[in-house]
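So the structure is just underneath, and the comments pick up after that.
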Amino acid sequence: MTRRREGATGELTLIERARRAQLIEVTIELVADRGYAGASLAAIAERAGITKAAVLYHFPTKDAVVRAAHEHALAALVGDVAGAVEAADAASRPAAYVRSMVGHLREHPRHTRMIIEAMVHDDGDQDPAARWRPLAELISAARLARGGSGDIDARTTAIIVGGGIDAIVAEQLHDPDYDTAAAAEQLIDMLDATLSR
């Protein structure tokens, strides 16, 4: 099998970067439309208009291209959420997190499905704390910024809010007319009540 050639510096050429980006987008589309099982190397190649061997030139396995697609979708989500959180003051950061998370997932349903499929087919190496810890830290900081003692169980609160976000997004995937912005605001109201105690 032919492997992707790298230049003297080990960097991808402009054409290689463009092809890899295309394969990642095609994989996101296929996983969103057909699920993990429907995103075979042959299906990825067909949708990209290239041969299976050409896909293998850029990614050694189906798992590698799916992993790259998942990382791309996740990086876009994290970038949007981080930008929104950084723009808010400490007391408002949990609300910014919820709004931006729900908003991004609403605006990018294919990315949402890609992330869900990757989680379902995860081999168990994910650390659950990686999911709740960032929000727990925002909750603790917001509580202190609001003059609270910080003695709230931030971990449990973050897990509950994360579950609420997941449920809002899942409902929107099922019913595209579901008002996720209003649902996010209701979740924020419940979180604010907890932070104000």
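The values are calculated or read from the model by the stated rules, or taken from the named source; none is laboratory data. Just so it is clear, the structure is predicted and the values come from calculations on it, not from any experiment. Neighbour counts run over all protein chains shown; Cβ positions are idealised from the backbone, glycine included. Areas reflect the complete protein model, heavy atoms only, side chains present, ligands, DNA and RNA absent. Shrake-Rupley method; radii C 1.70, N 1.55, O 1.52, S 1.80 Å.
Subtracting the Cα-Cα distance from 0.36 nm times the residue separation, let me have the gained length for residue 87 to residue 178 in nm, one decimal.
That works out to 30.0 nm of additional length.
Using a/c under 1.5 as the rounded threshold, could you call region 92-197 rounded, prolate or oblate? The axes a ≥ b ≥ c are square roots of the C-alpha gyration tensor eigenvalues, and prolate needs a/b larger than b/c, oblate otherwise. The shape class here is oblate. Assign one of three labels to region 14-79, namely rounded, prolate or oblate, based on the Cα gyration tensor with a ≥ b ≥ c the square roots of its eigenvalues; rounded applies when a/c is under 1.5, prolate when it is not and a/b is larger than b/c, and oblate otherwise. The shape class here is oblate. Accessible area of the chain with a 1.4 Å probe: how many percent of it is carbon plus sulfur? So the carbon and sulfur contribution to the accessible surface is 54 percent. Its relative contact order, with pairs defined as Cα atoms under 8 Å and 6+ residues apart, puts region 127-197 at 33 percent.
Return a whole-number percent for the relative contact order of region 43-197, with Cα pairs under 8 Å and 6 or more residues apart as the contact set. Display every interim value, and only then the final one.
Details: 130 pairs, mean separation 36.3, N = 155.
Value for region 43-197: 23 percent.
If you take the beta carbon distance between residue 122 and residue 52 as r and set R0 to 30 Å, what does 1/(1 + (r/R0)^6) give as a FRET efficiency, to the nearest 0.05? Each step should come with its number before you reach the end.
Working: r = 25 Å, r/R0 = 0.84.
Computed FRET efficiency for residue 122 and residue 52 comes out at 0.75.
Note on surface exposure: 101, 119, 114 rank 119, 101, 114 by accessible area, highest first, 1.4 Å probe.
For region 134-183, what is the accessible area per residue in Å², given a 1.4 Å probe and the full set of protein chains?
52
For region 53-132, the alpha-carbon coordinates run over 51, 25, 18 Å along the three principal axes, in decreasing order.
Take the Cβ-Cβ distance between residue 166 and residue 141 as r, set R0 to 25 Å, and report the resulting FRET efficiency rounded to the nearest 0.05. Rounded to the nearest 0.05, the efficiency is 0.65.
The mean of 1/r over all distinct Cα pairs in the chain, once inverted, gives the Kirkwood hydrodynamic radius of 18.6 Å.
What nm distance separates the two modelled labels at residue 41 and residue 12, each placed 7 Å from Cα along Cα→Cβ? About 1.8 nm, to one decimal.
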